[in-house]
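Before any comments, here is the structure.
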Amino acid sequence: MEVAVIKYNAGNIYSVECALRRLGITPIVTDSPEVLMRADKVLFPGVGEASSAMSYLREHGLDRVIVNLTQPVLGICIGLQLLCRHSEEGNADGLGLFDIDVRRFVPQNSEQKIPHMGWNTLHNLKGPLFEGVAEGSYAYFVHSYYAPVASDCIAECNYIAPFCAALHRNNFYATQFHVEKSGAVGVRILENFLAL
């Protein structure tokens, strides 16, 4: 199985590469349209800023490549946000695969810190990505922006407001949390994705 990880100007790609290697997969980290289109699975991870990430994708033609992929694709963290229609971060238009506008967390009191960072529980789990993952399982989050709960949600979380912890539409899946840093739960989700 050929697994590709999209290379663009976002951090944390190495962590995803290491997580896949632990599962016996040697991924190809690439920005080559040809490699991305022929891969069996594609991961779109990252930590970064939405407007600069989208600028890079557009400059390299990757925006058009990603939206036309037909194999299973997994966005992680900013990958989820960039798959949405728009982000308040840098007032950036995203790829529009999910009809959702990403918003910034607005603290309601001094206890609520931004970014939302650390372990939090997953609820309302649906679909093959969460096969064998228990309701209320913990996953690891680091983010200041979120996708509000919408029809494409396949997992929810609550921090300041309820939000989509994971999304699914057609061949596109995405998690706001870092599967590669979420222990046994993250391993199971990666295994489920690779088995799609």
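The values are calculated or read from the model by the stated rules, or taken from the named source; none is laboratory data. What you see is a predicted model; the values in this text were computed from it and never measured. Cβ placement follows ideal geometry from the backbone for every residue including glycine, while neighbour counts extend to all protein chains displayed. Note: areas computed on protein heavy atoms with side chains; ligands, DNA, RNA excluded. Shrake-Rupley method; radii C 1.70, N 1.55, O 1.52, S 1.80 Å.
Numerical summary
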quantity: Residue-normalised accessible area of region 30-102, given per residue in Å² at a 1.4 Å probe; calculated: 37
quantity: Portion, in percent, of the accessible area of the chain that falls on carbon or sulfur, probe 1.4 Å; calculated: 49
quantity: Local electrostatic count at Ala50 - Lys and Arg +1, Asp and Glu -1, tallied over other residues with Cβ under 11 Å; calculated: -3
quantity: Net lengthening on full extension, Thr121/Ser151 (0.36 nm per residue, minus Cα-Cα); calculated: 8.8 nm
quantity: Amide hydrogen neighbours beyond the local backbone of Val5, cut-off 5 Å, H modeled; calculated: Ile28, Val29, Thr30, Leu43
quantity: Theoretical FRET efficiency, 1/(1+(r/R0)^6), r = Cβ-Cβ of Asn171 and Asn109, R0 30 Å, to 0.05; calculated: 0.15
quantity: Residue order for Ser110, Ser55, Ser151 - accessible surface, 1.4 angstrom probe, largest first; calculated: Ser151, Ser110, Ser55
quantity: Highest average packing first - 16-27, 156-167, Cβ atoms within 10 Å; calculated: 156-167, 16-27
quantity: Rounded to 5, the percent of DSSP beta bridges in region 9-110 classed as antiparallel; calculated: 35
quantity: Label selected from [x] 17.9; [y] 16.4; [z] 19.2, the criterion being Kirkwood radius over Cα pairs in Å as computed here; calculated: [y]
quantity: Per residue value of the accessible surface for region 109-196 (all protein chains in place, 1.4 Å probe), Å²; calculated: 43
quantity: FRET efficiency for Val187 and Asp101, using Cβ-Cβ distance with R0 set to 22 Å, rounded to 0.05; calculated: 0.10
quantity: Sequence-distant aspartates and glutamates (8 or more away, or on other chains) whose Cα lies within less than 20 Å of Lys41; calculated: Glu2, Glu17, Asp31, Asp63, Glu131, Glu180, Glu191
quantity: Separation of the Val67 and Asp93 label points, Cα + 7 Å toward Cβ, nm; calculated: 0.8
